[in-house]
Amino acid sequence: MSGIGKGITTASIGKILKSRGFRVTAMKIDPYLNVDAGTMNPTEHGEVFVTEDGMECDQDIGNYERFLDENIPRENYMTSGSVYQRVIERERNLEYDGKCVEVIPHIPEEVIGRLDRAAKKARADFVLVEIGGTVGEYQNALFLEAGRMMRLQRPGQVLFVLVSYLPVPKMIGEMKTKPTQYAVRSLNAVGIQPDIIIARSVVPIDEPRKRKISIFCNVAAGDVISAPDVNSIYEVPVNFEKDELGKRMLEKLGMKSRKRDLVSWRGFVGRIRRTKKPVHIGIVGKYFNTGDFMLADSYISVIEAVKHAAWFCGRKPEITWLNAEQYEKNPAHLKELKHYDGIIIPGGFGSRGVEGKISVIQFCRKNKIPFLGLCYGLQLAVIEFARNVAGLKRAHTTEVNAKTPHPVIHTLPEQMVNIKERRMGGSMRLGAYTCEIAKDTKAAKAYGVKLVTERHRHRYEVNNDFRERLEKKGLVVSGINPERNLVEIIELKGHPFFVGTQFHPEFKSRPLTPHPLFREFMKVAIR
Ligand code: GLN
């Protein structure tokens with residue numbers, strides 16, 4: 001089922017194989033019909049991750065990048081929608097030579113073709129393919145079929161790993177293996193026998209239950225890998241190796257490790273465990289609530305970037321979710337922001353919570369609370385500054401108020417057409433663009449270089465018609481895109497740390513190399 005850690009499992013297996021000297025890449029298959037993840041509400045599907053080459057994809061691609069410390073290209077993400085779209089396109093182009101185009105084999109063949117292309121592009125020894133969804137549901141059946149076909153066509157080259165949840169019901173107090181047995185039966189029904197079973201549970205799986213799974217699910221007991229809940233996801237590769245997962249996988253493929261190098265990763269995991277002194281960061285957003293539950297998945301890369309930076313500075317990250325709308329209903333809540341060492345306003349869309357975020361920004365600016373604004377966070381910081389410092393009382397973004405007399409944030413001309421014709425899928429300013437850093441700024445101090453590239457996902461921009469006016473009042477534009485003269489970073493002088501970015505630095509933060517801006521923000525927050 002979703003949320004038990006298939007993404008982390010995939011990323012961890014990748015990490016292990018890489019540590020054993022192999023070239024690895026990872027792919028995600030999402031079974032829904034959306035062509036990419038860009039059109040989905042983050043409350044429903046979690047964060048939309050953006051690759052260097054501008055693909056809007058599932059958050060798991062972010063996990064792969066963070067664990068493998070490599071950029072994943074757009075080819076490594078597919079949905080049922082994108083696969084069908086391509087097959088139909090090819091049919092329209094007469095590429096099937098007059099044949100009847102059928103779900104089987106043409107859809108699985110398209111999938112297999114993509115796996116091969118990804119392998120080739122990465123020159124990979126291993127391609128890890130994560131199939132989203134649950135065994136037995138209709139939506140992913142064709143992807144399992146692709147896997148089955150591959151194993152048939154390439155004996156000894158394909159392994160199947162099942163990630164299964166073993167509940168420990170409170171009233172029984174015992175770990176139950178039955179759901180795993182049924183999952184394996186369902187897999188068997190589509191012609192697949194798992195080689196390895198990852199036993200996800202709150203606690204480590206014990207020997208009697210390993211034996212039980214072995215007998216009922218037709219795998220060796222040693223191929224049942226313990227995967228208990230952990231404090232930090234980064235412990236998972238280390239845990240898997242306790243059960244010799246890497247060795248077992250390689251043996252099945254008749255291969256040998258080329259080296260063993262998980263040293264720096266183990267060191268990092270050890271550091272995480274040892275840091276006790278906290279740093280308190282508040283994240284102000286709106287994609288939290290699903291029914292009675294709170295969801296942190298919508299901002300997963302931001303959270304991970306905060307953690308990387310905190311651990312780097314020797315602190316334990318304590319992150320609190322702050323709902324933007326509460327500051328609209330009751331401005332008295334603003335005072336509570338003083339309890340945090342730093343505040344982040346991440347990306348967002350639309351009008352809900354916007355005024356709340358703007359009042360949070362004003363509070364951080366006036367009370368000198370370290371502030372980092374990401375994308376919408378930058379845009380709203382510019383609006384706050386325009387309204388409350390530059391005297392443009394009705395300043396706004398045209399995203400929220402199309403008729404504002406002071407559109408300090410507006411669309412680029414090409415985006416007007418997209419919006420008017422409702423061409424919304426995959427049409428934002430996406431992926432990496434260069435940013436030139438201005439001298440003697442906080443950005444310059446953080447990056448230490450003049451030219452950087454950062455990843456984008458937005459339709460709106462700072463309006464250059466207002467730039468001079470805002471700069472005269474003290475807004476510092478510390479990063480611009482040189483090709484099109486677009487504002488990329490803003491900051492304030494005379495404030496310990498007040499920085500906004502039009503891009504999403506969180507996508508480029510890695511466990512052992514935190515993003516420079518998050519790192520600087522964290523240093524100042526701690527101070
Ligand atoms: N809604 C804003 C835009 O489209 C910001 C997007 C974001 O925060 N990713 O420009």
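At-a-glance table
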| read-out | value |
| --- | --- |
| Mean projected area (nm²) of the alpha-carbon convex hull when segment 264-348 is viewed from all directions | 6.6 nm² |
| Stokes-Einstein diffusion coefficient of segment 383-527, Kirkwood radius over Cα pairs, 4 °C, 1.567 mPa s, in µm²/s | 80 µm²/s |
| Coil-residue GluC sites (Glu not before Pro) of segment 425-527, DSSP, other Cβ within 10 Å capped at 13 | Glu483 |
| Ordering of 38-44, 97-103, 379-385 by burial proxy (mean other Cβ atoms within 10 Å per residue, highest first) | 379-385, 38-44, 97-103 |
| Loop trypsin sites (Lys or Arg not before Pro), segment 458-509 (other Cβ atoms within 10 Å of the site Cβ: 16 or fewer; DSSP) | Lys473, Arg484, Lys493 |
| Packing-based ranking, highest mean first, of 368-376, 474-482 given that Cβ atoms within 10 Å are counted | 368-376, 474-482 |
| Stokes-Einstein D (µm²/s) once Rh is taken as the Kirkwood radius of segment 318-390 over alpha-carbon pairs, at 37 °C in 0.692 mPa s | 269 µm²/s |
| MRE, 222 nm, helices only [DSSP H, n ≥ 4, -39500 (n - 2.57), over the chain, to nearest 500] | -11500 deg cm²/dmol |
| Stokes-Einstein D in µm²/s, Kirkwood radius over Cα pairs - the chain at 25 °C with 0.890 mPa s viscosity | 99 µm²/s |
| Cross-link partners of Lys252 among aspartates and glutamates (Cα-Cα below 14 Å; sequence separation of 8 or more within a chain) | Asp195, Asp223, Glu244 |
| Förster-model FRET efficiency, 51 Å R0, His280 and Thr134, C-beta, rounded to 0.05 | 0.85 |
| Three semi-axes of the equivalent ellipsoid, segment 1-140, Cα gyration tensor, whole Å, largest first | 26, 18, 14 |
| Top positive-direction residue, dipole computed over segment 95-170 with Cβ charges, set Val135, Cys100, Pro155 | Pro155 |
| Local net charge near Cys57, Cβ-Cβ under 9 Å (Lys/Arg +1, Asp/Glu -1) | -3 |
| Net lengthening on full extension, Lys338/Ser2 (0.36 nm per residue, minus Cα-Cα) | 117.3 nm |
| Stretch gain in nm, segment Met40-Ile215, where the contour uses 0.36 nm per residue and the Cα spacing is subtracted | 58.9 nm |
| Protection proxy ranking of 215-228, 322-335 - average other beta-carbon atoms within 10 Å, highest first | 215-228, 322-335 |
| Entries in Lys277/Lys329; Lys316/Lys508; Lys121/Lys420; Lys338/Lys493; Lys176/Lys508; Lys259/Lys523 that, when Cα-Cα distance is taken, lie over 28 Å | Lys277/Lys329; Lys121/Lys420; Lys176/Lys508; Lys259/Lys523 |
| Neighbour-count order for Arg510, Arg457, Arg66, fewest beta carbons within 10 angstrom listed first | Arg510, Arg457, Arg66 |
| Whether segment 371-457 is rounded, prolate or oblate, judged on the alpha carbon gyration tensor where a/c under 1.5 counts as rounded | oblate |
| Between segment 354-424 and segment 60-76, the alpha-carbon center distance in angstrom | 31 Å |
| Pair Asn71, Thr434: separation of 7 Å Cα→Cβ label points (nm) | 1.4 nm |
| Theoretical FRET efficiency, 1/(1+(r/R0)^6), r = Cβ-Cβ of Thr513 and Glu174, R0 45 Å, to 0.05 | 0.55 |
| Nearest-0.05 FRET efficiency for Gln181 and Leu152, computed from C-beta distance (R0 25 Å) | 0.50 |
| Length added when fully stretched, Val103-Arg258, from 0.36 nm per residue minus Cα-Cα | 51.7 nm |
| Distance in nm between pseudo-label sites at Met424 and Ile88 (7 Å out along the Cβ direction from Cα) | 1.9 nm |
| Residue order, fewest to most beta carbons within 10 Å, for Trp321, Trp311 | Trp321, Trp311 |
| Antiparallel %, DSSP beta bridges [both residues in the chain], to 5 | 40 percent |
| Label point at Asn401 placed 7 Å out along Cα→Cβ; residues across segment 307-338 whose backbone nitrogen lies under 18 Å | 328-329 |
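Laboratory data are not the source of any read-out in this text; all were calculated from the coordinates shown. Here the structure is a predicted model, which is why all the values come from computation and not from measurement. Methodologically, a virtual Cβ is constructed for each residue, glycine included, from the backbone with ideal geometry; neighbour enumeration extends over all protein chains shown.
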